[in-house]
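Take a look at the structure below.
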There are 2 protein chains.
Amino acid sequence: MDDLLLAFDFGGTKLTAALTRLSHSVPGQQGWLDVRRVFSPEGGDAQFDMETMIKLGAELLAGRQATAVGVSFGGLVDYETGTVRLSHHVPGWENIPLQALLAAEFSAPIRIDNDANVAALGEHRFGAGQGHDSLMYITVSTGVGGGWVLSGKPWRGHAGMAGEIGHTVVDPSGPLCLCGKRGCVERLASGPYMAQDWAEEQGSGGARELATGKDVAEMAAKGDEAARRILLRGARALGVGIGNAANLINPQLFVLGGGVTKSGDLWWDAVRQSAHETALPEVHFEIVPASLGDDAPLWGAIALLMAEGLTG
Amino acid sequence: MDDLLLAFDFGGTKLTAALTRLSHSVPGQQGWLDVRRVFSPEGGDAQFDMETMIKLGAELLAGRQATAVGVSFGGLVDYETGTVRLSHHVPGWENIPLQALLAAEFSAPIRIDNDANVAALGEHRFGAGQGHDSLMYITVSTGVGGGWVLSGKPWRGHAGMAGEIGHTVVDPSGPLCLCGKRGCVERLASGPYMAQDWAEEQGSGGARELATGKDVAEMAAKGDEAARRILLRGARALGVGIGNAANLINPQLFVLGGGVTKSGDLWWDAVRQSAHETALPEVHFEIVPASLGDDAPLWGAIALLMAEGLTG
C-alpha cells in the first residue's frame, strides 16, 4: 500500500493543504508529511481560494499522483454532488461544483463535506471520540454548528442539513437572532453575539467596537459581572441545546471545539450542568473538549476518505 | 414460505395479540388472520399481563408453531437484552426479562421494543411513512414520546433512550413538569397537562376533575378562549420541538399519532407553522398524521420482525 492522501481545509481565514500516508503512520500518532498554509487576503473570493488551493496541492505532490483528496469546507455543501452551495466567509462560492473541478485537476477521487461534519469524523477517528460509536461534534465559535457520527458513520440528514444545533430554539422569549427567531443557541452562545451583548451593556465606551467572545471570557474571569452573566447565559443555552439533542438522539458523547470552548472551567461547568439537568436521568453522555485543535478539519478530511474506503 | 407471525401489544389500557402471514398478504393491504383483545382490569399487574398475553397467543396459534413473535411495550425497554425496565401504566414490570420468558413459552425468536420505536417502524413499513428513508414518529397522548427511522433502520440511541422529544425543553420559563424541568414539550402539549391547565382556569367548577385533552380540544372548537389558548400553546410547543429536531437531524418526515392529534385543523396548523418557523429555511420536511391508528403497535411489531429478518 503506497497511499498518498491530500487534505484541503477551506477555512474562514486561511487555506491549508496537507499531505499524509496512513500506511507509514503509527495508529494514534499520525503526522503530516508536509503542510502548506496561506492566509486569506482582504477582498479574496472563490476564484482566489480555488487557484491558491490547487497550487498548494500541486506543490505538496511535486508531480506525484494523489490516491484521493479529502476536503473540509466552511459553508453549505451538498455532499452527494460535491457542490458548494455557499461559503460562510468568502464571496463567489455560490453553487460551485468543487468536487468536479478538483477531480479534473488531480485525477483522483475527491470527497467534500462541511467543516462540522468533517470535524466530527476527525474527532471520531483520530481525536476525543476514538472508541465511541455515536457522537455529536459541536463547534462554538463565530457560529454554533455541529455534525453527527451515528453507529460509527456520518449522519448528514436527508438533505445534508443535520447538525444545526446553533439554530435550535432554547428560549422563545430570548433575544432576536439574525435567522429571525428568538433564543437560538447561536444567538446566546456564539462569540460575536456574546461580545455584542456585553459591549451594549458598556454603553458608548471604547471597548464596544473591539469586543470578541474571548474578551467576554477574559472579563468574566477578572470578575466583570456583566461578562460573567452573559458568558453563563450562553453556556446554559448551549447546555439546554445539548440536553435536548441527548434526549432526542442519545449519543454517547458530545465533543466541543471552537474558540468559545477556551473560556475556562466557569463556562464548561455551566454547559455540563445545564445539559445534564435538561436530559432525562436515564440519558447518559459525556461532554469533552475536542482534541485535534486547528488540524481537526485536515484530519477530518482524511477520516472522510477512510469512511468512504478511498485511502488505497 | 409458510410464516406465522404473532404480534403482542402491551398497551396502557389493553392487551392485544394478533396473528398474520406476510406470505399470504398483498403488499400495502396486510390483514390479520385473527385478533384477541383483553382490557386491563383495575389493580392489574405484570403477572396478570403476562399470563393473559400468553393465553391470547396460545389461543391464536391453536397448537401451531409461530415463526417469530414481535412485541410492542408501553414503557422503558432494553432492546439488546429484551428486558422491560418499567411500565408507564402497570406495576410489577421492573426489570422483567420478557424476551426470555416469551421465548421459553413460544420456542420462537422474540423481539421487544417500546411502543414509540415500534410505531415508527410500523408507520415506516405499512403506514404514512412508506417510501421515506428517514422519519420521526411522535405520539402526542397522555405523554409525548417518539421513535426514529434513519436510513430505513431504527435508531434507538446508544442506550435505547433516543426519541424523548417530550422532555426536550422549549421554554425554560414555562410551567413545571413532573420531570423537574420547566417548559418541556410534554408539560405543554400532552393531553392531561393541557386538561389540568384548563381545569385550573375554570376554578372550582365541576369540569375540573373530569377534563381530558379531548375536552380541551372540544371546548376550543366551541370557542372557549382559555381552551383555545392552552391548545395552541401546546401545539406551538410541539412545533418548536419538531423544528428543533428537524434542525438537528434533518429527517424527511414527522408522523404524528395519539389522541391529541385528533384536535382538528386549529391544532395541526399551529404545529406545522411553529415547526417550519423554528427550522432553518433550508431544512425541509413534512408533518403528517399517522395512518395505522390503533393497530400501529401490532403492525409495528411485525415491522420489527421484518427489520430483523425474522419473518421466515
### Task
Give the residues of the range A:269-288 that are surrounded by fewer than 23 Cβ atoms within 10 Å (Cβ to Cβ), in contact with a strand residue (DSSP E or B) (Cβ under 8 Å, 6 or more places away or on another chain) and assigned to a helix (DSSP H, G or I), sorted by residue number.
A:272
### Query
Within the set of pairs 6 or more residues apart or between chains, which connect a residue that is within 11 Å of chain B (Cβ to nearest Cβ) and over 23 Å from residue A:131 (Cβ atoms) inside the range A:240-258 to a residue that is of a type in the set (Ser, Thr, Tyr) and surrounded by fewer than 24 Cβ atoms within 10 Å (Cβ to Cβ) with Cβ atoms less than 7 Å apart?
A:240/A:274; A:243/A:274
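Given the criteria surrounded by fewer than 24 Cβ atoms within 10 Å (Cβ to Cβ) and not aromatic (Phe, Trp, Tyr), does residue A:213 qualify?
no
From the list B:108, B:103, pick out the single residue that is of a type in the set (A, V, I, L, M), part of a loop (DSSP other than H, G, I, E, B), modelled with pLDDT of 95 or more and not assigned by TED's automatic domain parsing to the domain that holds residue B:142. Lay out the reasoning, then the answer.
On the way: B:103 fails: part of a loop (DSSP other than H, G, I, E, B).
Of B:108, B:103, the one residue that is of a type in the set (A, V, I, L, M), part of a loop (DSSP other than H, G, I, E, B), modelled with pLDDT of 95 or more and not assigned by TED's automatic domain parsing to the domain that holds residue B:142 is B:108.
Let's see how each residue does on (1) assigned to a loop (DSSP other than H, G, I, E, B); (2) facing chain A (nearest Cβ under 9 Å):
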| site | (1), (2) |
| --- | --- |
| B:172 | yes, yes |
| B:180 | yes, yes |
| B:187 | no, no |
| B:194 | no, no |
| B:200 | no, no |
| B:203 | yes, no |
### Message
Looking only at residues that are polar (S, T, N, Q) and outside any strand (DSSP E or B) in the range B:69-96, which one is nearest to residue B:6 (Cα to Cα)?
### Response
B:81
### Meets criteria (without any contact (Cβ under 8 Å) to a residue 60 or more places away in the chain and within 12 Å of chain B (Cβ to nearest Cβ)) for residue A:94
no
### Query
If you check residue B:299 against the conditions, is it aromatic (Phe, Trp, Tyr) and surrounded by fewer than 21 Cβ atoms within 10 Å (Cβ to Cβ)?
no
#### Entry: Single residue of the range B:265-312 satisfying the filter (under 20 Å from the mean Cα position of the chain (by Cα) and β-branched (Val, Ile, Thr)) that is nearest to residue B:36 (Cα to Cα)
B:302
### Query
Can we say residue A:66 is among the small types (Gly, Ala, Ser), at pLDDT 95 or above and in a loop (DSSP other than H, G, I, E, B)?
yes
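Specify which of the listed residues (A:156, A:125) is within 20 Å of the chain's Cα centre (by Cα) and away from chain B (no Cβ under 11 Å).
Of A:156, A:125, the one residue that is within 20 Å of the chain's Cα centre (by Cα) and away from chain B (no Cβ under 11 Å) is A:125.
The rows are residues; the columns are (1) of a type in the set (A, V, I, L, M, F, W, C); (2) within 14 Å of chain B (Cβ to nearest Cβ).
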{"site": "A:277", "(1), (2)": "no, yes"}
{"site": "A:284", "(1), (2)": "no, yes"}
{"site": "A:293", "(1), (2)": "no, no"}
{"site": "A:306", "(1), (2)": "yes, no"}
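The values are calculated or read from the model by the stated rules, or taken from the named source; none is laboratory data. Predicted model only: the values in this text are computed from it and were never measured. Note that we place each Cβ from the backbone using ideal geometry, even for glycine, and neighbour counts take in every protein chain shown.
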